[in-house]
1. Taking the conditions exactly as written (in a strand (DSSP E or B) and either crowded, with 20+ Cβ neighbours inside 10 Å or touching a His at 6+ places or on another chain (Cβ under 9 Å) (or both)), does residue 42 satisfy them or not?
2. Starting from the range 83-106, take each residue that is in the same structural domain as residue 71 (by TED's automatic domain parsing) and among the aliphatic types (A, V, I, L, M) and list its partners that are exposed (fewer than 15 other Cβ atoms within 10 Å of the Cβ) and in a loop (DSSP other than H, G, I, E, B), counting only C-beta distances under 8 angstrom and pairs at least six apart or across chains.
3. Among the residues of the range 232-257, write down those that are aliphatic (A, V, I, L, M), closer than 19 Å to residue 155 by Cα and part of a helix (DSSP H, G or I).
4. How many of the residues in the range 210-231 are in contact with a Ser or Thr (Cβ under 7 Å, 6 or more places away or on another chain), touching a residue at least 12 places away in the same chain (Cβ under 8 Å) and closer than 17 Å to residue 152 by Cα?
5. What tally of residues in the range 159-186 results from selecting those that are within 20 Å of residue 134 (Cβ to Cβ) and without any contact (Cβ under 8 Å) to a residue 60 or more places away in the chain?
6. Look through 224, 163 and report the one residue that is of a type outside the set (Ser, Thr, Tyr) and more than 18 Å from the chain's Cα centre (by Cα).
7. Anything in the range 113-140 that is among the small types (Gly, Ala, Ser) and not in a helix (DSSP H, G or I)? List them, or say none.
8. Among the numbered criteria (1) at pLDDT 95 or above; (2) out of contact with any strand residue (DSSP E or B) (no Cβ under 7 Å at 6 or more places or on another chain); (3) of a type in the set (Gly, Ala, Ser), which single criterion is violated by residue 149?
Amino acid sequence: MSVKAKKHLGQHFLTDENIAKKIADSLTEQNYDHVLEIGPGMGVLTKYLLRKKPKVTVMELDSESVTYLRDVFPVEHFKLDTSKEKFNIIEGDFLKQNLGKTFEDRQVAIIGNFPYNISSQIVFKAIENRHLVPEFSGMFQKEVAQRIAEKKGSKVYGILSVLTQAFFDVEYLFTVSPSVFNPPPKVNSGVIRFIRKKDYTLPVDEKLFFRVVKTSFNQRRKMLRSSLKSFNLSDTLKEDPIFAMRPEQLSVQEFIILTEKIAANGIRNQQSSS
C-alpha cells in the first residue's frame, strides 16, 4: 500500500532516507519530551523520530495517509516502539489545533516536511505558541527558509524574519534538491531550525511590536516616517534618525527601540490632548 500525493494539500513526499535522517537529527532533544510532526505522509521522517527518546505525535489532514500510518506503518517498521505511550496519530489540521489543550501545556518540539502553501502560517502558529515550543525544525521552500533566517540589510529580510528572530535563534541548515521528492517540486527546499531564546518575552507591548513590524514592511520601499504615518507620529518624532530608515535596515533590537518610541509618542499625544 502507498499513498498518492494530493496537489490540493501541497504534498511532496520525501523519498531520500539520508535527508529524512538529517532532518530528524536536526532536533537537539533538549528541553522537551514530546515531538509533533506535521504532515508525516508515509512516515519516512517519522521512523527516525521514533528512534529518539521523546514521544512522537504526528498530525495529518489527509485521511489516506492516516489510514496508512495506522494500518501499515507500524507493521513495516515493527522494530520501532509504536506503542500508545510512544506514538500517537492525530487526524486534523494543525492550524486549527489548540496546542495547549492537545499537549496539556507540555513543551513540544515541532518538525516536518511542511506543505509550501501553508508553511508561513505554520511558523506564525509556532510563534503564537512559543511558550510551548522550545524548538522547531523543518523543510520549507528554499526562498521561504532563507527569508526566515536572513539578517537585516537583505532584500528578502521581512516580517517573517523579524517576528521569528524576536523569539527564536534561527539557523539555515542545508538545501534539498527537488529530485528527492515524489512528485518533485519545481523549486529547491531548505531545512532550518529555530531554538527558543532563554528570554522569549519582549520589553515592549507585543501586539504593538507585531503591528509596527507588519506595517513597516507593508511599504518596505518607503522610509519609516511614511510607512508608519498611521501611528500619528509627532513632528518631533518624525525627525528622529530611525524614521529616515527603511524597514530592512532595522535589526530585531532596533524594531524594539522603534516600538518603544512609538509607544512613548502615543502616550505624549494622549497627554497633550487631555
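The values are calculated or read from the model by the stated rules, or taken from the named source; none is laboratory data. Just so we're clear, the structure is a prediction, and the values are computed from it rather than from any experiment. All Cβ positions, glycine included, derive from the backbone under ideal geometry; neighbour counts span all protein chains shown.
1. No; evaluated as a whole, the condition is false for this residue.
2. No pair meets every condition.
3. Within the range 232-257, 242, 244, 252 meet the criteria.
4. Number satisfying all stated conditions: 4.
5. 9
6. 224
7. 137, 138, listed by residue number.
8. (2)
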